[in-house]
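The values are calculated or read from the model by the stated rules, or taken from the named source; none is laboratory data. Here the structure is a predicted model, which is why all the values come from computation and not from measurement. Here the Cβ positions follow ideal geometry from the backbone for every residue, glycine too, while neighbour counts run over all protein chains shown. We work out accessible area using only protein heavy atoms, side chains counted, and drop any ligands, DNA or RNA first. Shrake-Rupley method; radii C 1.70, N 1.55, O 1.52, S 1.80 Å.
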Amino acid sequence: MPPTNPPHDCPLCPRLASFRADNRRLFPEFFNAPVPNWGDAAPRLIIVGLAPGLRGANRTGRPFTGDYAGDLLYATLEKFGLATGHYDERPDDGLALNKVLIANAVRCVPPQNKPTGPEIATCRQFLSATIETHRPEFFLVLGRIAHDSLLTTLGEKRSKYPFGHGAEHELSSGARLFDSYHCSRYNTNTGVLTEAMFEDVVGRAARAVLAA
C-alpha cells in the first residue's frame, strides 16, 4: 500500500516542489514541506480539506494550524466534543482530536492557494492510502474541491452525490458524507459561511460520530 503521507521532499508535482523551494529560501523558519495527516490514530471521521495555507499549515506543519480557518475549525470541534485541550495556533499547544483525523486533498501549499487538477490527482494516492488504512465511517469535506476529490478517491460518481453546504450523503460503502463550505476567512468575511452554518454541519457530524 502507498504511504499515507508524502516524503518531506516529495518531487511528484514540479510546480509545488519549486514553490516549496522558493518558500524555504524566503521563510527558512517555516515547515515548508508536505503537511502530514493529523489526529486520532483510530478515527471514525476523516475531515478532508483542500491544501495547506502559506502562513498556516505550511508554516506550522499541522493542518489548519496558524490561520483563521483553524480558529473556526478547532473551536467548533472542541464545542462538539471532537477535540480536547485548547487550540493556540501551535502544533505543541496540547490540542488533541477525538475520533477525528484531518487530511488535505493536496499536501503542499500551492501558489495563490489554487492547486491544479493534475496536482490534485497526483496527491490523491495519499488520501486513498489514508482511507484504506483507517476505513472511517464518516467524512466531512470542506469545500467542493475536497468533496470532488474524495468522491473520485472512493470511486463514486460525482453526479450521484452533488455538493451543497449542509448536504448529507450515504455512500455506496455505507459511510456517511457531510458537506460544508470551506471555513476560510474569505467565506466567513463574505457571508458565504457563518459560524452558525458551520456549527450546524459539524454538530450533526459530531453527533453521528459520538453515537456510533
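On the stretch given as the stretch 42-77, residues that are at positive phi and touching a Leu at 6+ places or on another chain (Cβ under 8 Å) total 1.
Residues checked against (1) in contact with a Phe, Trp or Tyr (Cβ under 7 Å, 6 or more places away or on another chain); (2) of a type in the set (Ser, Thr, Tyr); (3) over 20 Å from Leu97 (Cβ atoms):
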{"position": "Pro136", "(1), (2), (3)": "no, no, no"}
{"position": "Glu156", "(1), (2), (3)": "no, no, yes"}
{"position": "Lys160", "(1), (2), (3)": "no, no, yes"}
{"position": "Arg176", "(1), (2), (3)": "yes, no, no"}
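Taking (1) over 13 Å from the mean Cα position of the chain (by Cα); (2) open to solvent by 20 Å² or more (accessible area, probe 1.4 Å); (3) among the charged types (D, E, K, R) in turn, Glu119 satisfies each apart from (2).
Here the condition is being at pLDDT 95 or above, over 23 Å from His182 (Cα atoms) and of a type in the set (Asp, Glu); of Asp71, Asp93, it holds for Asp93 alone.
Residues in the stretch 74-127 that are under 24 Å from Cys10 (Cβ atoms), without any contact (Cβ under 8 Å) to a residue 40 or more places away in the chain and not in a loop (DSSP other than H, G, I, E, B): Gln112, Gly117, Ile120, Ala121, Arg124.
Within the option set Ala17, Ala42, being touching a residue at least 40 places away in the same chain (Cβ under 8 Å), surrounded by fewer than 21 Cβ atoms within 10 Å (Cβ to Cβ) and farther than 24 Å from Phe138 by Cα holds for one residue only, Ala17. For the residues Ala41, Ala83, the requirement of being under 22 Å from Phe126 (Cα atoms) and of a type in the set (Gly, Ala, Ser) singles out Ala41.
Among the residues here, Pro34 qualifies as part of a loop (DSSP other than H, G, I, E, B), open to solvent by less than 30 Å² (accessible area, probe 1.4 Å) and within 14 Å of Pro110 (Cα to Cα). Scanning the stretch 179-196 for residues that are part of a loop (DSSP other than H, G, I, E, B) and of a type in the set (Ser, Thr, Tyr) gives Tyr181, Ser184, Thr190, Thr194. In the stretch 128-155, of all residues being of a type in the set (Val, Ile, Thr) and part of a helix (DSSP H, G or I), the one that is farthest from Lys114 (Cα to Cα) corresponds to Thr133.
Across the stretch 153-212, the qualifying residues are those that are buried (at least 16 other Cβ atoms within 10 Å of the Cβ) and free of Cβ contacts under 8 Å to residues at least 12 places away in the same chain, and the one among them that is nearest to Leu82 (Cα to Cα) is His169.
Remark: Ala51 matches the filter, which requires a residue to be closer than 20 Å to Val141 by Cα, touching a residue at least 40 places away in the same chain (Cβ under 8 Å), touching a Cys at 6+ places or on another chain (Cβ under 9 Å) and of a type in the set (Gly, Ala, Ser).
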